[in-house]
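Right, one structure below, let's go through it.
Any read-out appearing in this document is the output of simple, stated calculations on the displayed coordinates, not a laboratory observation. Predicted, not measured: the structure shown is a model, and the values here were computed from it. Heads up, the Cβs are rebuilt from the backbone with ideal geometry, glycines too, and the neighbour counts pull from every protein chain shown.
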């Protein structure tokens with residue numbers, strides 16, 4: 001069964017300002033992540049990008065992936081991407097921890113290799129947690 005979590009109004013306000021193709025890509029990718037881990041907490045930010053972060057807890061440090069939406073594109077980011085096994089060499093980036101996959105079309109994230117990477121990131125985040133969380137399946141807006 002598909003988890004039909006509504007998009008938070010704070011986030012929806014800024015999402016509606018984006019191009020329709022980016023909105024559609026975001027919604028489909030978000031749904032894939034929620035289907036793979038329905039208990040994830042979604043942390044919402046609006047800084048240099050409109051970003052939905054998926055976390056095992058309510059803390060950013062326990063996040064496993066994110067979808068930053070920029071002006072003309074979006075990515076599937078992995079908060080601890082350098083620590084993940086990437087046998088298909090699909091992660092890009094030069095940061096100390098964060099890696100991402102460029103998303104231009106739905107076929108970019110409907111590959112088994114992407115689903116495997118998301119699941120590995122989830123499992124890594126669970127094993128890397130300091131303590132258990134009390135929050136599950138919540139949406140937490142950090143947008144002011």
Open item on the list: To make sure I understand, if each residue's beta carbon is the centre and we count other beta carbons within 10 Å, what order do 6, 76 fall in, fewest to most?
Closed with: 6, 76
- [ ] Would you mind ranking 69, 114 by Cβ crowding within 10 Å, fewest neighbours first?
- [x] 114, 69
Task: Projected label distance in nm at residue 138 and residue 96, using a 7 Å step from Cα toward the beta-carbon - done: 2.9
Task: Gaussian network model of the chain, springs between alpha carbon atoms under 10 Å - residue of 73, 100, 88 with greatest fluctuation - done: 88
Open item on the list: Can you say what percent of the DSSP beta bridges in the chain, counting only those with both residues inside, are antiparallel? Round to 5.
Closed with: 85
TODO: Grab the DSSP H runs of the chain that are 4 residues or longer, score each as -39,500 (n - 2.57), total them, divide by all residues and round the 222 nm result to the nearest 500 deg cm²/dmol.
DONE: -9000 deg cm²/dmol
Task: Stokes-Einstein D in µm²/s, Kirkwood radius over Cα pairs - the stretch 9-128 at 20 °C with 1.002 mPa s viscosity - done: 150
Task: Backbone N within the stretch 53-92 under 13 Å of label point (7 Å from residue 127 Cα along the Cβ vector) - done: 83-86
Open item on the list: With a 10 Å cut-off between alpha carbons and a GNM built on the chain, which of 57, 40, 113 moves the most?
Closed with: 113
Open item on the list: I need 140, 33, 90 ordered by Cβ neighbour count within 10 Å, fewest first.
Closed with: 140, 90, 33
